[in-house]
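The values are calculated or read from the model by the stated rules, or taken from the named source; none is laboratory data. All of these numbers come straight from a predicted model, not from anything done at the bench. Here the Cβ positions follow ideal geometry from the backbone for every residue, glycine too, while neighbour counts run over all protein chains shown. We work out accessible area using only protein heavy atoms, side chains counted, and drop any ligands, DNA or RNA first. Shrake-Rupley method; radii C 1.70, N 1.55, O 1.52, S 1.80 Å.
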Amino acid sequence: DYWKDVADKATYLKKSRWLADMNNEREAKNATYVKNLKSLTQLVFVEALQDTMVVPHASETMGFWAWGSPGSVVPLNATTAYKEDWLGLKAMAETKKLVTYSYQGEHLRWSSAFWDQTILPFLAD
């Protein structure tokens, strides 16, 4: 249930058993999702720029294909979900609680230096 068919939004929203709900993409929004995410100290997204497992790799940072255009990627801050703050990510970004990083490489194949300097500090507390 991680599949999001960019060509058929209506069927995706109707038949998705998990992803559409977790992304708060349905018409009725779940305020608990927003509250829970906003309660985090920090939310860190990491994008592997040469990822071939997660397609498009921009979805690792909540971007995705434009509906009906599988060749055109919409970054997070240009999505309707972000602009209307369906998950609270816009509010989190504005308060510096949403942090996004990227690295050159494949899925989960970051360097030791990237891990030590970028990820590990978030796990220190």
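I'd like the full set of residues that are under 16 Å from Thr80 (Cα atoms) and among the basic types (Lys, Arg), limited to region 5-33.
The answer is Lys9, Arg26, Lys29.
What's the number of the only condition in (1) touching a strand residue (DSSP E or B) at 6+ places or on another chain (Cβ under 8 Å); (2) open to solvent by 80 Å² or more (accessible area, probe 1.4 Å); (3) outside any loop (DSSP other than H, G, I, E, B) that Leu108 fails to meet?
(3)
Please go through region 33-56 and give me each residue that is under 18 Å from Lys97 (Cα atoms) and open to solvent by 60 Å² or more (accessible area, probe 1.4 Å), ordered by number.
So in region 33-56, the residues under 18 Å from Lys97 (Cα atoms) come out as 33-47.
Hits for region 33-56 are Lys35, Asn36, Lys38, Ser39, Leu40, Thr41, Gln42.
Scan region 30-50 and report the pairs whose first residue is free of Cβ contacts under 8 Å to residues at least 12 places away in the same chain and whose second residue is surrounded by 14 or more Cβ atoms within 10 Å (Cβ to Cβ) and assigned to a helix (DSSP H, G or I), with Cβ atoms within less than 9 Å and a gap of 6+ or a chain change.
These pairs meet every condition: Asn30/Asp21.
Being open to solvent by 60 Å² or more (accessible area, probe 1.4 Å), in contact (Cβ under 8 Å) with a residue 40 or more places away in the chain and within 21 Å of Ser72 (Cβ to Cβ) is the filter here, so list the residues in region 1-29 that pass it.
Ala7, Lys9, listed by residue number.
Could you check how many residues of region 18-74 are of a type in the set (Phe, Trp, Tyr) and in contact with a Lys or Arg (Cβ under 9 Å, 6 or more places away or on another chain)?
Going residue by residue through region 18-74, those that are of a type in the set (Phe, Trp, Tyr) are 18, 33, 45, 64-65, 67.
The next check asks that each one be in contact with a Lys or Arg (Cβ under 9 Å, 6 or more places away or on another chain); those that pass are 64-65, 67.
So the count comes out to 3.
Mind counting the residues in region 60-79 that are open to solvent by 40 Å² or more (accessible area, probe 1.4 Å), within 13 Å of the chain's Cα centre (by Cα) and polar (S, T, N, Q)?
Residues in region 60-79 being open to solvent by 40 Å² or more (accessible area, probe 1.4 Å), within 13 Å of the chain's Cα centre (by Cα) and polar (S, T, N, Q): 1 in total.
Which ones in region 69-105 are assigned to a loop (DSSP other than H, G, I, E, B), within 26 Å of Ala7 (Cβ to Cβ) and touching a residue at least 24 places away in the same chain (Cβ under 8 Å)? Quick ask: steps written out before the conclusion?
If we filter region 69-105 for residues that are assigned to a loop (DSSP other than H, G, I, E, B), which is where we start, we get 75, 79, 84-88, 95-97, 104-105.
Those left that are additionally within 26 Å of Ala7 (Cβ to Cβ): 75, 79, 84, 86-87.
Those that are assigned to a loop (DSSP other than H, G, I, E, B), within 26 Å of Ala7 (Cβ to Cβ) and touching a residue at least 24 places away in the same chain (Cβ under 8 Å): Trp86, Leu87.
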